Amino acid sequence: MSRYRPASQPTFYFIGVTTAKSSIMRVFPAWARYLGLKDAVIKGIDFPLHADPASYRDVVSFIKSDPLSLGALVTTHKIDLFNAARDLFDVTDPHARLMHETSCLSKRDGQLVCHAKDPISSGLSIDGFIDPGYFAESAAEVLSMGAGGSTIALTWHLKRKERGADVPSRIVVTNRSQPRLDHLARIHAGLGSPVPVEYVLADRPELNDRAMAGLKPGSLVINATGLGKDAPGSPITDAGIFPKRGIAWDLNYRGDLIFLDQARRQQSVRRLRIEDGWTYFLHGWTQVIAEVFDVAIPTSGP
């Protein structure tokens, strides 16, 4: 028997690690009023990192069968939930099939639909602070620390053929375990992109420091590990040196944000541009809310 109680009003779930601390718990009621989502509420469901597959199957089965449970946003568990519950999805969108992850569950015509919205939201986010032509003109590289769903989506966006010459000259992905790197390499192999990618096993922060030290000036450094939000700390040490005129981007907007503090201490000397994860948060949530509630939410404007 499921541990979840049937919803008594239209309910949107947030599947994560520390959901009660997210700004969405304060923001969603105001957005719901603005969007006319009558009586809709949000509820958080927390799982530990890499939870038991049965736990993921339980929550997906519950959402699928409960009439007033409309869908969910999934963070942190995107790959693990997909792998555990893929046979429970009635429809899987092309991005989810390619990336073997889900960031959004919705319902249409009695069917449970699995979506990967990160390729859209991450693309909107990165294109919002990096001007068109930047990579073509600078030959900058990208280091993404963490080989989870966010890095899968970001690297897919940056390697797309539609970008022409405006792609990184090299992408480096580091991760604390080898299987996630192998999974990402298989996805990249199917893209047919000429952008070279290096996959680095970095089971301690000093190895991320080393990867960062090898970057060209102007390169983009991304904290996509969840460290600073889902768990304390930073993927680099205080001795790590950012690339000159580089961009430091933390996908987190809340938590101890040590990675951002480390970047700020070097901002003047290294002439860094620093971005937090707030806009990424906005695009990620609005893309999923639009899908779950079948409403139009513009990606720019007031």
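With protein chains left intact and a 1.4 Å probe, residues in the range 262-302 average 58 Å² of accessible area per residue.
Solvent-accessible area per residue in the range 11-115 equals 44 Å², computed with a 1.4 angstrom probe and all protein chains kept. Among I120, I236, the order of accessible area from largest down is I120, I236, computed with a 1.4 Å probe on protein heavy atoms.
Axis of helix 24-35 versus longest Cα principal axis of the chain: the two differ by about 60°, to the nearest ten degrees. Taking the convex hull of the alpha carbon positions in the range 1-143 and averaging its projected area over all directions gives 10.7 nm².
Against the chain, whose longest principal axis is taken from its Cα atoms, helix 178-189 shows a tilt of about 90°. Loop-resident trypsin sites (Lys or Arg not before Pro) (DSSP state other than H, G, I, E or B) in the range 244-300 with no more than 16 further Cβ atoms inside 10 Å of their Cβ: K244, R245, R254, R271. Pairs of Cα atoms nearer than 8 Å and 6+ residues apart set the relative contact order; for the range 192-302 it is 21 percent. For the pair the range 236-286 and the range 42-70, the centres of their Cα atoms are 32 angstrom apart.
Of the accessible area of the chain, computed with a 1.4 Å probe over protein heavy atoms only, carbon and sulfur atoms account for 53 percent. Taking every alpha-carbon pair under 8 Å whose residues sit at least 6 apart, the chain reaches a relative contact order of 14 percent. For the range 120-280, relative contact order (Cα pairs under 8 Å, six or more residues apart, normalised by length) works out to 21 percent.
The loop-placed trypsin sites (Lys or Arg not before Pro) in the range 1-110, going by DSSP, that have at most 12 neighbouring Cβ atoms within 10 Å of their Cβ come out as R3, K38. Taking only the C-alpha atoms of the range 120-280, Rg followed by Dmax gives 14.3, 40 Å. Give the angle, between 0 and 90 degrees and rounded to the nearest 10, that separates the Cα long axis of helix 258-270 from the longest principal axis of the Cα atoms of the chain. Taking the Cα atoms of the chain, the angle to 258-270 is about 30 degrees.
Placing +1 on the Cβ of every Lys and Arg and -1 on the Cβ of every Asp and Glu, with nothing else charged, gives the chain a dipole about its Cα centre of roughly 300 debye.
The values are calculated or read from the model by the stated rules, or taken from the named source; none is laboratory data. Everything numeric in this text was worked out from a predicted model, so none of it was measured. Backbone-built Cβ (ideal geometry, glycine too); neighbour counts: all protein chains shown. SASA here: full protein model, heavy atoms, side chains in, ligands and nucleic acids out. Shrake-Rupley method; radii C 1.70, N 1.55, O 1.52, S 1.80 Å.
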